[in-house]
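A short reminder: the numbers here are calculations on the coordinates, not readings from a lab. What you see is a predicted model, and the numbers here were worked out from it, not measured in a lab. Neighbour counts run over all protein chains shown; Cβ positions are idealised from the backbone, glycine included.
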Amino acid sequence: MSDTAAPAPADGTPVLDLAAVGIGPFNLSLAALADTAGGFSFEAWDRRPVYDWHPGLMFDWAKLQVSFLADLVSLVRPDSRWSFLSYLADRDRMYPFYIAERFHMPRREYADYCAWAAHRMPGCTFGTEVERVEWDAARELWELTLRDTTSGAERTRLARNVVLGVGSEPVLPPALRDAGERVIHSAEHLHRVDGLIGDGVRDITVVGSGQSGAEVFLDLMRRQRDTGWAVTWLTRSWGFAPMDYSKLVLEYTTPEYMTYFHGLAPEVRDRLAASQWQLHKGISTETIDLIHDELYDHLLDGDRPPVRLLPATAVRAAEKTGDGVRLTLSHADTGTEATHETGAVIAATGYAPRRPECIAPLDTLVRWDEKGRYDVTPGHRVRTVPEVTGGLFVQNAEQHTHGVASPDLGIGAYRSAVILNAVAGREVFRLPRHTAFQTFSPR
């Protein structure tokens, strides 16, 4: 779409302005804005058969931790037909939502909203794996090899620009990786917890004190009357700390801070990212209150199996036993070590960006930083060797360059608009100019 865009091949092969790998919330936002603006030839593919968002943690009672305005489009194009309010109108829930006065929607409602959009959105195709992304230097275009996951049939598509939105993957720390099938990442919790009941597990340990760990612990406690298992919750952090939702702190998830953060030296960015953990790794105060209520009920019941909370306690080693897992624990304050026998471990140990296999052919064409991460411009474009003239963009793979806002749903529409403006070579979307009261740099 831009004035410098590569021309279409002489053989008449159709060329997309933008091809998206993966259909999570961020590339779905990209699709929605592209459809809203019109004029973009756009397609997105996902290997999953249908849209599904964090099904292993889809508790009925869990809420989204951002406002309903952090939908696919509203912070950039609130009049879009793909807004959350349009979804409510389509579902005939506008007045119930209005009367409920919910600023934070239930997580399952957000997932349903995204699925509603995904399966109506032009250009979004599920059940299709992007097997390879290659740079065609002769035609100055990206060539994507696609495979139908049902039939196995392959085809290719050409594109001037590619956006990678494959999301992150669950991570187990080294100490827990070789302790057997009774170590389960929290992302699989709801898929696996019933099996633990069937296996007769009598003791479960939750490792990690972020929002996922808190929700898993609460779910296990609520099941305790029926299952009879003991529950232990431990974290290496100093305590089970709340997420910081204070207004001026939330400005650190705005585009203005993102721009400031990108301008810092890489070592400063890494230090800041580690220090700002309460912006995205703490527990919502509402969840903490629910946990405390459940603990108080546990106290009143008197006859429930034991529940233990162990702060400042790290897992140093884990080994599979005949019917469970043996953990070696280290206490940060006293330096003492202890062993803990448990029937299963639910590891709420977070996620990490993943480099999709489909871009393996680009290893020598992409610029990587000293830690093997994408070298990303302020506009979310991956730097490449000069011969690559097509745009390669990333979504939610640039926390090291753009800060804690990168995985935040509230930045999704803004980032998608930045990318689409770059693809178009002009300001298709007017971006907000003022997003924070703070001035993050004195200059």
Q: Return the percentage of antiparallel bridges among DSSP beta bridges fully within the chain, rounded to the nearest 5 %.
A: 50 percent
Q) Taking all pairs of different Cα atoms in the stretch 161-286, averaging 1/r and flipping that mean, what Kirkwood radius in angstroms comes out? A) 17.4 Å
Q: Grab the DSSP H runs of the chain that are 4 residues or longer, score each as -39,500 (n - 2.57), total them, divide by all residues and round the 222 nm result to the nearest 500 deg cm²/dmol.
A: -8000 deg cm²/dmol
Q. Using alpha-carbon positions, what is the distance between the centroids of the stretch 47-102 and the stretch 148-209, in Å?
A. 24 Å
Q. The stretch 159-249: which chymotrypsin sites (Phe, Trp or Tyr not before Pro) are DSSP loop and have at most 11 other beta-carbon atoms within 10 angstrom?
A. TRP238
Q: Rank ILE99, ILE204, ILE346 by mean-square fluctuation in a GNM of the chain with C-alpha springs under 10 angstrom and give only the top-ranked residue.
A: ILE99
Q. From the backbone phi of the stretch 72-78, what are the Karplus-calculated ³J(HN,Hα) couplings (6.51 cos²θ - 1.76 cosθ + 1.60, θ = phi - 60°) in whole Hz, Gly and Pro given as x?
A. 6, 9, 4, 6, 10, 9, x
Q. What are the lysines whose alpha-carbon lies under 29 Å from the alpha-carbon of LYS320, with same-chain residues fewer than 8 places away excluded?
A. LYS281
**Q.** Integer Hz, Karplus 6.51/-1.76/1.60 couplings in order for the stretch 151-162, x for Gly and Pro
**A.** 8, x, 5, 10, 8, 10, 9, 9, 8, 7, 9, 10
Q: Identify which of THR235, THR401, THR156 has the largest mean-square fluctuation in a Gaussian network model of the chain, with springs joining Cα atoms closer than 10 Å.
A: THR156
Q. Among 317-329, 403-415, what's the highest-first ranking by average C-beta atoms within 10 angstrom per residue?
A. 403-415, 317-329
Q. Among LEU16, GLN65, HIS119, whose Cα sits farthest toward the positive end of the charge dipole of the chain (+1 at Cβ of Lys/Arg, -1 at Cβ of Asp/Glu, about the Cα centre)?
A. LEU16
Q | Residue with peak Gaussian network fluctuation, the chain [Cα springs, cutoff 10 Å], from GLY425, GLY198, GLY213 | A | GLY198
Q: Note down the Stokes-Einstein diffusion coefficient of the stretch 312-406 in µm²/s, whole number, using a Kirkwood radius over alpha carbon pairs, 20 °C, and 1.002 mPa s.
A: 126 µm²/s
Q) Mind listing the phi-derived Karplus ³J(HN,Hα) values for the stretch 93-98, rounded to whole Hz, using 6.51, -1.76 and 1.60 with θ = phi - 60°, and x for any glycine or proline? A) 10, 4, 5, x, 5, 4
**Q.** DSSP-loop GluC sites (Glu not before Pro) across the stretch 84-178, with at most 12 other Cβ within 10 angstrom
**A.** GLU101
Q) With no solvent and one point on each alpha carbon, what is the Debye value of log10 I(q)/I(0) for the chain at q = 0.08, 0.10 Å⁻¹? A) -0.51, -0.80
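For the stretch 1-136, give me the percentage of DSSP beta bridges that are antiparallel, rounded to the nearest 5 percent. Mind showing how you got there, number by number?
Working: 1 of 8 bridges.
So the antiparallel bridges in the stretch 1-136 amount to around 10 percent.
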Q | Total formal charge among the other residues, if their Cβ is under 12 angstrom from that of ALA137, Lys/Arg +1 and Asp/Glu -1 | A | -4
